[in-house]
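Asker: To start, I am sharing the structure in question, which I have written as structure tokens.
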Amino acid sequence: MATIIQNGLLVTASEIFQADIKIENGKISIIADQIGSKNEDTVIDATDKYVLPGLIDPHTHLGIEGTLDDFESGSKAAASGGVTTIINFTEPDNSQTYLEDLTEWRAKAKNSIIDYGFHSIINKCNPEVIEQIAKLPDEGVTSIKLFMAYEENMVNDKEMYLLLKAAKKAGIVTNVHAENGNLIDLLIEEALRKNNTKPIYHAYTRPPSMEAEATARALRIAEVAEAPIYIVHISCEEALTEFTRAKERGVIAFGETCPQYLVLDEDYLKTEDKEAVKYICSPPLRTKKDQEVIWSKIKSGSISTIGSDHASHPFVNGKENGINDFTKAPNGLPGIESTLLLLYQYGVYEGRITLPKLVEITSQNPAKIFGLYPKKGSLNIGSDGDIVIFDPNKSTVISKETQKQGTEYNVYEGINVHGRIDCVLSRGQVIVEDKEVVGKAGHGEYLYRNRFTSYSHEGSL
Ligand code: URP
Ligand code: ZN
Ligand code: ZN
């Protein structure tokens, strides 16, 4: 039995064209002008609708203690937003090895309804750690993440250099959270001493200069280590200036931003504190000018990917703890299900990027960088039948009333966007239909990702 999507407008990273598409045994088997069907086939009519490759969200934090989305609820939310693959972060547990962390996280993820992989967070450096890094690709993990901020996890420059070298040798790409944590901690102490505790001081104590400095330093260290580097959640013009310079020097660097840095700004942190505290994330929300600079860097190809950085901290017993002291609010925003809708509205509909560009940054590029291409990230013969059918003639209101993610709030509450996600398929099986998630827990498969290779950074990447 096959699934055939008829009369749709197929969107790839390079073109939009009318065609039918057939999926057999989970994989795309034919793309042609017209594909006939047999009685037993599932036929989906996509007249006047776009047919896109499923999104790959390369930056999610499902399953974190104290958050509201485990892999089942979080993957259902993701699927409802057209995401068919996630790459989630592990969390280091200092009583065990990183390989043991991975085993634990794989077990946590077995109820996912969409396919998944992991980036291993590495928070120390010694000879045993270097040995473990060398073994990660055999377990399907070909990316790690290092922090330059957050005392419990951050590594110093020397450690970063050694870890980048070890990663490169193993065929691993290194994600870096680039903020100068030491100085930020000092700025926070100063703010608290002056009783500057409102949510907006979260942004004032993590200024763009501290993101730019760390970004420049990480890129220089990667340059010396001759290692590929991926800067996560870039939020501001200053960091992008450093990033673009490094790319021009020939550093193998990839940049990611998040919908929140394109759609929300620091004014949200200045609203009534009860509301403002919901918007605490790191790096913090920036200005409208930063948003436009980020869009221009997406358009020019400097920024390669979009990650949601989904972290579903509750308001009650979570975010609310920071109302009178911003340092007590957990960092991170929920948003795993809104990426496609927001990028379509603010990017494509408002004329900042084309639809093929949207496909490039949400699907093709993350697949290439993180060792999933061409299994994922494209509408090619032989690729997995991970597909979104998107109706540009309908609209959607983003709201906590209709969201699938677990939080009691939605940081995009009330935003009315053009476009509606009609149907989502994972490996040929319908997992979202008429706004309902019909995919089954456990349908998702663990992805053994390929090592980082030179083809990963071909073209506009
Ligand atoms: O504020 C954020 N981004 N929290 C999630 C953890 C991280 O730094 O990615
Ligand atoms: Zn981070
Ligand atoms: Zn994150």
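The values are calculated or read from the model by the stated rules, or taken from the named source; none is laboratory data. Remember, it's a predicted structure, so these values are computed and weren't measured experimentally. Counting neighbours? That spans all protein chains shown, and the Cβs are built from the backbone with ideal geometry, glycine included. In case anyone asks, the SASA skips ligands and DNA or RNA and just uses the protein heavy atoms, side chains included. Shrake-Rupley method; radii C 1.70, N 1.55, O 1.52, S 1.80 Å.
Asker: Given the structure, is S312 assigned by TED's automatic domain parsing to the domain that holds A149, under 20 Å from the mean Cα position of the chain (by Cα) and more than 16 Å from ligand 1 (Cβ to nearest atom)?
Answerer: Taking the combined requirement at face value, the residue does not satisfy it.
Asker: If only one of T244, T205 is of a type in the set (V, I, T), closer than 24 Å to G351 by Cα and modelled with pLDDT of 95 or more, which one is it?
Answerer: Matching residue, one of T244, T205: T244.
Asker: Hey, another quick one. Take the residues in segment 61-96 that are in contact with a Ser or Thr (Cβ under 6 Å, 6 or more places away or on another chain) and assigned to a strand (DSSP E or B); name whichever of them is farthest from ligand 3 (Cβ to nearest atom).
Answerer: Restricting to residues being in contact with a Ser or Thr (Cβ under 6 Å, 6 or more places away or on another chain) and assigned to a strand (DSSP E or B), the top hit is T84.
Asker: Right, here's the next one. Give the residue that is nearest to S383 (Cα to Cα), with candidates limited to residues of segment 106-139 that are small (G, A, S) and within 20 Å of the chain's Cα centre (by Cα).
Answerer: G117
Asker: From L341, L269, L285, which residue is within 15 Å of the chain's Cα centre (by Cα) and open to solvent by less than 30 Å² (accessible area, probe 1.4 Å)?
Answerer: Just one listed residue meets the conditions, L341.
Asker: Which of the residues belonging to segment 247-261 are surrounded by fewer than 22 Cβ atoms within 10 Å (Cβ to Cβ) and part of a helix (DSSP H, G or I)?
Answerer: Hits for segment 247-261 are K247, E248, R249.
Asker: Can you confirm whether G439 is within 18 Å of I113 (Cα to Cα) and touching a residue at least 12 places away in the same chain (Cβ under 8 Å)?
Answerer: Against the criterion (within 18 Å of I113 (Cα to Cα) and touching a residue at least 12 places away in the same chain (Cβ under 8 Å)), G439 qualifies.
Asker: Can you tell me which residue among Y261, Y268 is hydroxyl-bearing (S, T, Y) and in contact with a Phe, Trp or Tyr (Cβ under 9 Å, 6 or more places away or on another chain)?
Answerer: Only one candidate passes the filter, namely Y268.
Asker: Out of all the residues in segment 75-113, which are within 16 Å of ligand 2 (Cβ to nearest atom) and surrounded by 20 or more Cβ atoms within 10 Å (Cβ to Cβ)?
Answerer: I86, I87, N88, F89, T90
Asker: Could you please let me know if T47 is of a type in the set (S, T, N, Q) and open to solvent by less than 10 Å² (accessible area, probe 1.4 Å)?
Answerer: Against the criterion (of a type in the set (S, T, N, Q) and open to solvent by less than 10 Å² (accessible area, probe 1.4 Å)), T47 does not qualify.
Asker: Take the conditions touching a residue at least 24 places away in the same chain (Cβ under 8 Å), more than 16 Å from ligand 1 (Cβ to nearest atom), in a helix (DSSP H, G or I) and open to solvent by 20 Å² or more (accessible area, probe 1.4 Å) and apply them to L219. Does it pass?
Answerer: no
Asker: Select, from E72, E65, E24, the only residue that is over 18 Å from I431 (Cβ atoms) and either open to solvent by 10 Å² or more (accessible area, probe 1.4 Å) or not aliphatic (A, V, I, L, M) (or both).
Answerer: It is E65.
Asker: Right, next: Search segment 115-173 for residues being within 16 Å of ligand 1 (Cβ to nearest atom) and of a type in the set (F, W, Y), and hand back the single one that is surrounded by the fewest Cβ atoms within 10 Å (Cβ to Cβ).
Answerer: Among those that are within 16 Å of ligand 1 (Cβ to nearest atom) and of a type in the set (F, W, Y), it is Y150.
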